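Take a look at the structure below.
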Amino acid sequence: MISGSIKKMASRVSAQGKVSYQLNLADTSIEMNDLLGQKVSLNFDGTINCTNCSRVTKKSFSQGFCYPCFRKLAACDTCIMSPEKCHFHLGTCRDPEWAEQFCMQSHYVYLANSSGIKVGITRGDQLPTRWIDQGATQGRAIFSVQNRRMSGLVETLFKQEVADKTNWRNMLKGNADDLDLEFEQERLINLLGEGLDSLQSEFGIQSITDLSEQNQTHSFEYPVL
């Protein structure tokens, strides 16, 4: 038996798009794909530890934090879920040094096919991990933007036409039909071009880089019985 605090599974993707998962407990890494079709038992001992400070907490907040950390960390601020609400530029960030490393870096705006087409954002070093976390069968980066706030503003614009959340009920019914994400990218840019131009006028031409000529659509195959 292996014991330890459970965290989000790590994932890898092969050159052929096949996804594999690893569960890390204590100093042990378990290849979960090898356990398909076998019986696995998990026993919760009732202890919840904060993912930041490790203190025992009766309830976790914002994906694993104790309440004091939830209240003080920039990683738990409302702008994490709504990046367009970033207030770094106003001088009110909870932790500017952390934000420099996390938020003030280049981000991607992408289209993905999970339960259907959706728009999303992620840091420049988080693809294809972000697509796999969401169970997407296809993903395509459409813009590179200068920081997290800008990614949120572009995403908000695109939400006028496509969803920004995965319908997990539909996703669990099976893979969504393949989509032509390149076509969808061109269609949406044509529809929302005026809004994109407005953002570039306000924040500068280099704030948004169109990746239409540089990127490709990536496809993923998940381990299911």
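In table form, for the structure just shown:
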quantity: Ranking of 218, 89 by count of other Cβ atoms within 10 Å, fewest first; calculated: 89, 218
quantity: Evaluated at q = 0.11, 0.12, 0.17 Å⁻¹: base-10 log I(q)/I(0), Debye formula over Cα of segment 1-103; calculated: -0.53, -0.61, -0.96
quantity: Kirkwood hydrodynamic radius over Cα pairs of segment 1-47, then Stokes diffusion coefficient at 25 °C and 0.890 mPa s, in µm²/s; calculated: 202
quantity: Cα centre as origin, Lys/Arg/Asp/Glu Cβ charges: the chain dipole, Debye; calculated: 1240
quantity: Which of 88, 183 has the fewest Cβ neighbours within 10 Å, and the rest in rising order; calculated: 183, 88
quantity: Placed amide H near residue 221: partners under 5 Å, 5+ positions off or other chain; calculated: 18, 19
quantity: Links that overshoot a 24 Å alpha carbon limit, given the list 7/39; 72/165; 8/58; 7/159; 18/118; calculated: 72/165; 7/159
quantity: Cβ-based exposure ranking for 225, 196, 181, in which fewest neighbours within 10 Å come first; calculated: 225, 196, 181
quantity: Compactness of the chain as Cα Rg over 2.2 N^0.38 Å, two decimals; calculated: 1.13
quantity: Computed magnitude of the charge dipole of segment 1-47 (debye, nearest 20; Cβ of K, R +1, Cβ of D, E -1); calculated: 200
quantity: Extension gain from residue 34 to residue 61, taking 0.36 nm per residue of separation minus the Cα-Cα distance; calculated: 6.5 nm
quantity: Computed E for residue 15/residue 82 - FRET, C-beta separation, R0 30 angstrom, nearest 0.05; calculated: 0.25
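Values in this text are rule-based calculations from the coordinates and carry no lab data. Just so it is clear, the model here is predicted, and its values are computed rather than measured. Neighbour counts are summed over all protein chains in view; Cβ atoms, including those assigned to glycine, are modelled from backbone coordinates with ideal geometry.
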